[in-house]
Structure formats: structure tokens, C-alpha cells
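*Asks:* Shown below is the structure under consideration.
The values are calculated or read from the model by the stated rules, or taken from the named source; none is laboratory data. Only a predicted model underlies this, so the values are computations on that prediction, with no experimental measurement involved. No Cβ is skipped: glycine too gets one built from the backbone with ideal geometry, and neighbour counts run over all protein chains shown. Accessible surface is based on the protein model in full, side chains and every heavy atom, while ligands, DNA and RNA are left aside. Shrake-Rupley method; radii C 1.70, N 1.55, O 1.52, S 1.80 Å.
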Amino acid sequence: MTVRYWAGAQRAAGRETEPLTADTVGELRAALAARPDLSRIAAVASFLVDGQRADDGTPLPAGAEVDVLPPFAGG
């Protein structure tokens, strides 16, 4: 799968995208949380799988695009 980082997640990861492997969003979240640069963001981020909102139980099929979206402030 390709993981795409947005906003603060991109700054923390130091890149826009990277290939990773996980079976579910929850496994991906845990893998990101284990990285010091992304641990705080992984705890609060929203995830989209192929453009659809996903929860930790969402499976990650081969070739999926996963967006990591940190919380956004706005007014």
C-alpha cells in the first residue's frame, strides 16, 4: 500500500508518501505509533482508505492508498 501524509503528519514523517505493509488500519496505526516522529499523530489521526473514511478494523487490500490526516483546526 501507499501511505500519504498530510499537513502535520507530512512534516512529522519528513515525506509525502511511503510504501508500507499492514493488514488493517489498526496495524498501520500501531506501526506509525512505534515511530517517535509519528507517535503523537498516529494516536489522533483519521485515516482514509482509497478515499473512504476508515476505522482501525478496516482491511488494507494490496495496492490501497491510505491517507493519514492529523486533526485540522479551522473556523
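*Asks:* If you count only protein heavy atoms with a 1.4 Å probe, what accessible area per residue comes out for the chain, rounded to a whole Å²?
*Replies:* 59
*Asks:* Quick query: amide H of W6 versus all other amide H atoms, modeled in the peptide plane; which residues come in under 5 Å with a sequence gap of 5 or more or a different chain?
*Replies:* V68
*Asks:* Output the relative contact order of the chain, whole-number percent, from Cα pairs under 8 angstrom with separation of 6+ residues.
*Replies:* Computed over the chain, the figure is 40 percent.
*Asks:* Given 20 °C and 1.002 mPa s, how large is the Stokes-Einstein diffusion coefficient of the range 1-66 in µm²/s, with Rh as the Kirkwood radius over Cα pairs?
*Replies:* Reported coefficient: 184 µm²/s.
*Asks:* Give the peptides 65-71, 55-61, 20-26 in descending order of average Cβ contacts within 10 Å, highest first.
*Replies:* 65-71, 20-26, 55-61
*Asks:* Write down the percent of antiparallel bridges among all DSSP beta bridges whose residues are both part of the chain, to the nearest 5.
*Replies:* 75
*Asks:* Among L20, W6, A30, pick out the residue whose Cα is farthest towards the positive end of the charge dipole of the chain, where Lys and Arg carry +1 and Asp and Glu carry -1 on C-beta, about the Cα centre.
*Replies:* Value: W6.
*Asks:* Right, something else. Ignoring ligands, DNA and RNA, what percent of the accessible area of the chain is carbon or sulfur (1.4 Å)?
*Replies:* Carbon plus sulfur share of accessible area: 52 percent.
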